[in-house]
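The values are calculated or read from the model by the stated rules, or taken from the named source; none is laboratory data. Bear in mind that the values here come from a model prediction, so they are computed numbers and not experimental data. Here the Cβ is made from the backbone with ideal geometry for all residues, glycine too, and neighbour counts use every protein chain on show. Surface areas here come from the heavy atoms of the whole protein model, side chains and all, with no ligands, DNA or RNA. Shrake-Rupley method; radii C 1.70, N 1.55, O 1.52, S 1.80 Å.
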Amino acid sequence: MLDRVFDPKSFETNFSFDIEASQRNLKAEPFMILLPPPNITGSLHMGHALCFTLQDIIARYKRLKGFDVLFQPGLDHAGIVTQLLVEKKIYASGVQKGTLTREQLLKEIWFWKESSGYKILDQMKRIGISCDFSRLRFTLDEDSKKAVSKVFVQLYKRGLLYRDQRMVNWDPLIETAISDLEIVEKEIDGHLWHIKYELEDGSDFITIATSRPETLFGDVAIAVSPNDKRYTRFIGKNVKIPLIDRIIPIIADKYADPKKGTGAVKITPAHDFNDFEVGYRHKLPIIDIFNTKAELNDKVPEIFQGMDRFEARKKVLELLGKKELLVGIENIKQILPFGDRSGVILEPRLTYQWFINVEKLAKPAIEVVKSGKIKFIPKHWENLYFEWLENIRPWCVSRQIWWGHRIPAWYGPNNQIFVAETESEAKAQAIKYYGNNSIELTQDPDVLDTWFSSSMWPFITLGWPQQTKELERFISNMIVVTGFDIIFFWVSRMIMMSLFAINEIPFKNIYIHGLIRDSKGNKMSKSKGNVVDPLSLCDKYGADAVRYTLSYLSSPGRDIKMNDQVVELSRNFLTKLWNVVRFAQMNGCTNDNEYDPNKVIHPLNKWIIFEIKNMVISVEEALENYRFDDATRFIYQCLWNSFCDWYMECIKPILQQTSLDYTKLEGYNLNQTLLKKEIRDTVAWSILQFTKVLYPITPFISKKLSGELGVVEISWPQIKNINIDFKQSIKEVKLLQGIISSIRSLKQCLQMSVGKKLNVKLEVMDTSEGNFIESHGIIISTMANINFVDSVNKQIPLVFNGAILHVGIDEKVDINKEKIRLKNEIENFIKMRDATIFRLNNSDFIQKASQNTIEEHKKRVEKLNDKISKIEYIIHNLEIIQ
RNA sequence: GGACAUUUAGCUCAGAGGUAGAGCAUCACCUUCACACGGUGGGGGUCGCAGGUUCGAAUCCUGCAAUGUCCACCA
């Protein structure tokens, strides 16, 4: 017997889903869910919980539907993040910065990974994610390394990957290049300083505006617009750079915008993307004044050398001020690029890096989505995908850090590059090239962008480059579930790489879920302190409640506002379910394998079977379309409104009765014992259907409760074989519900004294409905809390098909309220009826509306007329009493 | 500057060319034997605004507004 109190902690931790997650059926249709590998530095946040839960719902549903499901977990080595974290730890322990060798650092990181890198997997298990943990993959394991090298070489051989000296975004804290996607732009309050540059001969000066005065040491020209009359006379003359008096030319270039600043702009090719372009056009030199940490180098006067860029700015301004060359300061809003990992302002920097010419890879990737081979759900995310791919720029894939896939490129003495999967192959190439086998090769010190290996995740997890059975079976039969924020980083690159490396689409569907927000709709962030921790929610309400909430709130294209209150709702629902099973146990309802829903006789049983069948069909349809919200809602409504509020309440009086016998009734042929047995079996059967459809969403409680009723293995409901004719039963139960609701409303309106039962005289017409009402009187009297009597004095008649219920009322009761209520009701019905009649009288409507619609309208008028006349009858009688 | 999304009850959100929905909150009543994390009965909305298409628009189209997000640019 279940505990009186529903406490998820009492059973959730007892369950493990490892076995079913690893069970495979090679004869069944394959289906894979591509789990985005969390970082080894990660711990489970709400976004993970959402993403993984939705995937787990799909995985479990597909398993129940008989698919061969592969749901494989993985971990991402997360280059920069992990290296920063471990370095910080090492430095905190007293090690001097910069003294660590590459080998020492890598050893420390591997050690850290083995001791703390698996935390998130346990947290995933806590929320019931049923991956096959025996197939765990890591983006930096040996097989991944082989695959990464192979693809790198392929790209290189096809000319899609190259090494080049170009301007890149440089992170001076981590001292590495990063890709365009790793930039976060932030608006800050900045200044525009106006600085005088004197002409070489001292005869005049030109004033430029800059937000970065410290870069003047790297200036190589002043540019003005060729159309700017203010400056025409300066073009071709030379100026002296303030403080250092180096001579540079004034040039005309369309880049200089007369409307911006002073119209004259200093050109510093080494430290600005646009200036680099201008410098290139005018064949100007490039003077890089920073080291890798963005400290000033030996290209500047000695007092500035080694100075940080911001310190240098202050000093430059101070000196300019003293020389009266600083002639104005404007306050401006600036949008500056920050490193998303380091949080510092990035510097444009000219370096040698490896780039992928993604433009070529993008074309087929656009095509597979345009042609519908790959679908985004919701569809509108395609726009974002296309927009990015159509304007894509080369992807800088090299990083000047140590933790990651080492670039498989080696350099000979004259810097000749040898790209190969292994060092010995590179060596072989070198021997051929130099005709000499005593050549020393040095491997490129850099590693690849973490997203390079992530982009290969769909096929490296399946064993590529080996042609495994899994690869053949599951590639292209996948769904990926993720957030919109990594469509660029991950999704699009996986599509490009799969098409390139294995010539297959990696997956068919991309489900893009919403963003988790706090209850006010703000993004969750540590700095705001509004982060909701999924694991503490699990501790408070249970993992099932958290999962249920996420599923319930996952409407396509909408963000999820998460707070305790919504999880409470889920917990309440699960409590309800828990108590339903307690009821079943108290009434001896357990699973009977002989039970056949097609053979039930009692209309209530037929009706609830019908309701459940419909619910299952709806849930299936919803899940097939990834409408987790709908699926959850259908189950909720069926369990709570149909099963608990009506079915269970109706059968209670029957189970408690000792003298009820349906054998007399035509077509029933149910004696007391058989009837109760049929009800108990239907209760158990119904609950089991609920545990089945809920299993993908709330696996813990489903498993627990199903077990309580004697079923250990959970399967998807078999409802296709249920083919009884429900029509009559639905009609009867609706009649029953109508009668009960009417009496309840009436009673409430009359404000009868607490707990007092109404006396009702039942007048039965000799019809099947009449007989039905009479024989189910026990249900009506219990549910509506009335006594059936032979006669009543002062009464209100309630008219139904087949019977009139004369509701006896107290002499003192004020029936005016009831009259007002009924008059309002009748007014509404009349309005509705007249609107419908008006439409039917409209010749355009009759001509143009569909036949079905017209029929519906006619039926509606009939029904409304019937209701109206019944209420009129009651009002008429009320007036007589008065 | 460009694009996308959102706008429906006090709140959170479904819906959708033909009678405006749910949960929470609210009001009234009820400790009845599965459940007060419960039950019963109520109240509450010109579906952001303005046009258009249609017999009929909350729903389709156009424009606008507000909010959010992304991309691009900025001396």
### Message
From the Cα trace of the stretch A:85-192, what convex hull volume per residue do you get, rounded to a whole Å³?
### Response
252
### Task
Could you tally the net charge around A:Lys859, taking each other residue with its Cβ under 14 Å from the Cβ of A:Lys859, Lys/Arg +1 and Asp/Glu -1?
+2
### Message
Just to be sure I understand: of the beta bridges DSSP finds with both ends in chain A, what percent are antiparallel, rounded to 5?
### Response
70
### Summary
For A:Phe500 the rounded accessible area (nearest 10 Å², probe 1.4 Å, non-protein molecules ignored) is 20
### Message
As I understand it, the value is the acute angle between the Cα axis of helix A:564-586 and the longest principal axis of the Cα atoms of chain A; what does it come to in degrees, rounded to 10?
### Response
40
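What is the sum of charges, Lys and Arg at +1 and Asp and Glu at -1, for the other residues whose Cβ falls under 14 Å from the Cβ of A:Val95?
Working: positive: A:Lys88, A:Lys89, A:Lys97, A:Lys107; negative: A:Glu87, A:Glu108.
Computed value for this residue: +2.
Could you order A:His776, A:His194 by accessible surface area, starting with the largest, using a probe radius of 1.4 Å? Walk me through the numbers on the way to the answer.
Details: A:His776 0, A:His194 30 Å².
Accessible-area ranking of A:His776, A:His194, largest first: A:His194, A:His776.
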### Query
What does the accessible area of A:Ile431 come to, in Å² to the nearest 10, when a probe of 1.4 Å is used?
70
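Taking DSSP loops as anything outside H, G, I, E and B, show the longest stretch in chain A free of GluC sites (Glu not before Pro) there with at most 16 other beta carbons within 10 Å.
A:1-174
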### Message
Apply the a/c threshold of 1.5 to the C-alpha gyration tensor of the stretch A:1-160 and tell me whether it is rounded, prolate or oblate.
### Response
oblate
#### Entry: Proportion of all alpha-carbon pairs of the stretch A:177-291 beyond 17 Å (%)
55
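Cα-Cα over 19 Å: which of A:Lys229/A:Lys260; A:Lys196/A:Lys315; A:Lys119/A:Lys469?
Values: A:Lys229/A:Lys260 15 Å; A:Lys196/A:Lys315 17 Å; A:Lys119/A:Lys469 31 Å.
Among A:Lys229/A:Lys260; A:Lys196/A:Lys315; A:Lys119/A:Lys469, the Cα-Cα distance tops 19 Å for A:Lys119/A:Lys469.
Ordering A:Asp629, A:Asp298, A:Asp164, A:Asp245 from largest to smallest accessible area (1.4 angstrom probe), what's the sequence?
On the way: A:Asp629 5, A:Asp298 115, A:Asp164 55, A:Asp245 90 Å².
Largest accessible area first, the list is A:Asp298, A:Asp245, A:Asp164, A:Asp629.
Add +1 for every Lys or Arg and -1 for every Asp or Glu among the other residues with Cβ under 13 Å from the Cβ of A:Ser225, and state the total.
+2
Can you tell me, using C-alpha contacts under 8 Å and at least 6 residues apart, the relative contact order of chain A as a whole percent? Write down the numbers at each step before the final one.
Details: 1431 pairs, mean separation 103.5, N = 882.
For chain A, the relative contact order is 12 percent.
Among rounded, prolate and oblate, which fits chain A when a ≥ b ≥ c are the square roots of the eigenvalues of its C-alpha gyration tensor, a/c under 1.5 means rounded, and a/b larger than b/c means prolate? Please report the intermediate quantities before stating the final value.
Details: a/c = 3.00, a/b = 2.07, b/c = 1.45.
Prolate shape, in that a/c is at least 1.5 and a/b is the bigger ratio.
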### Query
Once the whole set of protein chains is in place, how much accessible area is left on A:Asp485, using a 1.4 Å probe, in Å² to the nearest 10?
90
### Task
Go through A:Arg399, A:Arg833, A:Arg558 and list them by solvent-accessible area, largest first, probe radius 1.4 Å.
A:Arg558, A:Arg833, A:Arg399
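Taking the Cα centre of the stretch A:163-302 as origin, sum charge times position over the Cβ atoms of Lys and Arg (+1) and Asp and Glu (-1), and report the length of that vector in debye to the nearest 20.
Details: 19 positive and 25 negative charges, 147 e Å.
Charge dipole, the stretch A:163-302, about its Cα centre: 700 debye, nearest 20.
Report, in debye and to the nearest 20, how large the dipole of the stretch A:560-650 comes out about its Cα centre when Lys and Arg carry +1 and Asp and Glu carry -1 on their Cβ. If you can, show how the numbers build up before the last one.
Details: 9 positive and 13 negative charges, 37 e Å.
Its charge dipole is roughly 180 debye.
Evaluate the charge dipole of the stretch A:33-101 about its Cα centre and quote only its size in Debye, nearest 20, assuming +1 on the Cβ of each Lys and Arg and -1 on the Cβ of each Asp and Glu.
On the way: 7 positive and 4 negative charges, 23 e Å.
That gives the stretch A:33-101 a dipole magnitude of about 100 debye.
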### Task
Starting from the amide H of A:Leu161, placed 1.01 Å from N in the peptide plane, find each other amide H under 5 Å away whose residue is 5 or more places distant or on another chain.
A:Tyr156, A:Asn357
### Task
Rank A:Ala545, A:Gly802, A:Ser843 by how far each Cα sits towards the positive end of the charge dipole of chain A (+1 on Lys, Arg Cβ; -1 on Asp, Glu Cβ) and give me just the farthest.
A:Ser843
